[in-house]
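Accompanying notes for the structure given below.
The values are calculated or read from the model by the stated rules, or taken from the named source; none is laboratory data. What you see is a predicted model; the values in this text were computed from it and never measured. Neighbour counts run over all protein chains shown; Cβ positions are idealised from the backbone, glycine included. These area figures cover heavy atoms from the full protein model, side chains too; ligands, DNA and RNA do not enter into them. Shrake-Rupley method; radii C 1.70, N 1.55, O 1.52, S 1.80 Å.
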Amino acid sequence: MSIASRLTAAALLSGLMAGSAFAQTPPCGGDLNTFLQGVKAEAVKNGASVEAADKALAGAQIDQKVLARDRAQGVFKQTFTEFSSRTVSKGRLDQGKKKLQEYANVFARAEKDYGVAPGVIAAFWAMETDFGAFQGDFNTRNALVTLAHDCRRPELFRPQLLALITMVQHGDLDPATNTGAWAGEIGQVQMLPKDIVAFGVDGDGDGHVALKTSAPDAIMTAGRFIQHLGFKRGEPWIQEVTVPDNLPWEKSGFDSGMTAGDWFKLGVKPRDGNTKFANLEGELVLPQGRKGPAFITYPNFGIYLEWNKSFIYTTSAAYFATRLEGAEPYLKGDPEPGLNDVQMKELQTKLKAKGYDVGDIDGILGGGTRDAVQKEQLKHNMPADGWPTPALLAAL
């Protein structure tokens, strides 16, 4: 998954990037002790005790491994069928069903309080840490100090470091021993300190929010956070469909302006037969083109794009949630062969030369590249399903 996209989403949601956030970049770099004194002063000014700030920052160090991860992070280049087959495995599904039974009362409480279906929370729990088994081994305090001190993105990480001090003051985190992801995410559902402070829930009633060790805390906090991202009670998020041979493929993807019912009228059919949400906005999503798996995404799918900007991760996580809620395995179909890494970079180079905004030439089939592919497919009288093929590359 892309930590950078998670941080971007979190910053947008918490207002870090709004208004004056970019107008004045937080202080960064220079002597570490001077930097830490500045963080302490800001924390105390914001209401933290001197004792909490001292405890949180005592012994803080720059972690070169964190900087290396930050510089080297990349997005996986697997197809949807490859990635989802690995992440939505039988073992994970079996374990997920056991967790749903083991914590049935907690999941029911989360659904009652926040309107989030149990499968949605459980799927994120599985995707992020394998239900708490792999939470990361970077010291959280040092990771956040490192990234806040580094001058690449201090506007993202300094507020997270200040939130960590708040967690220390609440007695919810030991800065000397707490570990997590390299970018400062903590616990079984991998949340950033600022979001934990804002949305943390004491699910087990012990007076603390301990997302690393308490499954009830993690479940309830995830439910509250997902509600905040915009999840609407009782509505679907993704639904597998079958598609006819002929459709206005150029309307597939996002921002079509169509409802699910519009697609149903064109011959798109839900595999579960449920058409009761036909009036909702619905996007036809074809991760590997018109001959591969096909889904209708509903407004609730937006919370996945807020959680992680990677299309393959979000589609896999949403599909995982439907499986935990009882859906059948998707039909793999027979997708047309795609492009390898060298070919994808060649495609992006050609598209960029034509004036399309495809971002970096990185071999990643992101939103900009998909949009450009659809436009070129239309120009060349090809089905505009957004899936780049060797035939399209040869035509450019």
Positive-pole candidate from 41, 342, 220, dipole of the chain, charges at beta carbon: 342
GNM top mover of 351, 162, 147 - the chain, alpha-carbon springs below 10 Å: 351
Cleavage-rule hits, trypsin sites (Lys or Arg not before Pro), segment 36-94, DSSP coil, Cβ neighbours within 10 Å at most 15: 77
Positive-end residue of 308, 192, 162, charge dipole of the chain with Cβ unit charges: 308
Angle in degrees between helix 154-169 and the longest Cα principal axis of the chain, rounded to the nearest 10: 50 degrees
Full-stretch length increase - residue 342, residue 33 - with 0.36 nm per residue and alpha-carbon distance subtracted: 106.7 nm
Solvent exposure of segment 144-280 as accessible area per residue, Å², 1.4 Å probe: 38 Å²
Projected area averaged over orientations for segment 76-205, convex hull of C-alpha atoms, nm²: 9.6 nm²
Viscosity 1.567 mPa s, temperature 4 °C, Stokes-Einstein D of segment 238-325 from Kirkwood C-alpha radius, µm²/s: 99 µm²/s
Normalised contact order of the chain, rounded percent, pairs of Cα under 8 Å and 6 or more residues apart: 17 percent
Value at 222 nm in deg cm²/dmol, rounded to 500, when DSSP H runs of n ≥ 4 in the chain each add -39,500 (n - 2.57): -14500 deg cm²/dmol
Greater than 22 Å apart at Cα, pairs in 77/332; 354/375; 309/354; 352/379; 232/309; 99/194: 309/354; 99/194
Segment 182-251 versus segment 281-320: alpha-carbon centroid distance in Å: 16 Å
Exposure ranking of 103, 304 by accessible area [1.4 Å probe, largest first]: 103, 304
Among 212-225, 246-259, the order from most to least packed when residues are scored by Cβ within 10 Å on average: 212-225, 246-259
10 Å binning of all Cα-Cα separations within the chain, expressed as whole percents from 0 upward: 5, 21, 29, 25, 15, 5, 1
Angle between the chain longest axis and helix 90-102 axis [Cα atoms, degrees, rounded to 10]: 60 degrees
Volume per residue of the C-alpha convex hull in segment 98-143, rounded to whole Å³: 98 Å³
Sites matching trypsin sites (Lys or Arg not before Pro) across segment 323-396 that sit in DSSP coil, with at most 14 neighbouring C-beta atoms within 10 Å: 332, 354
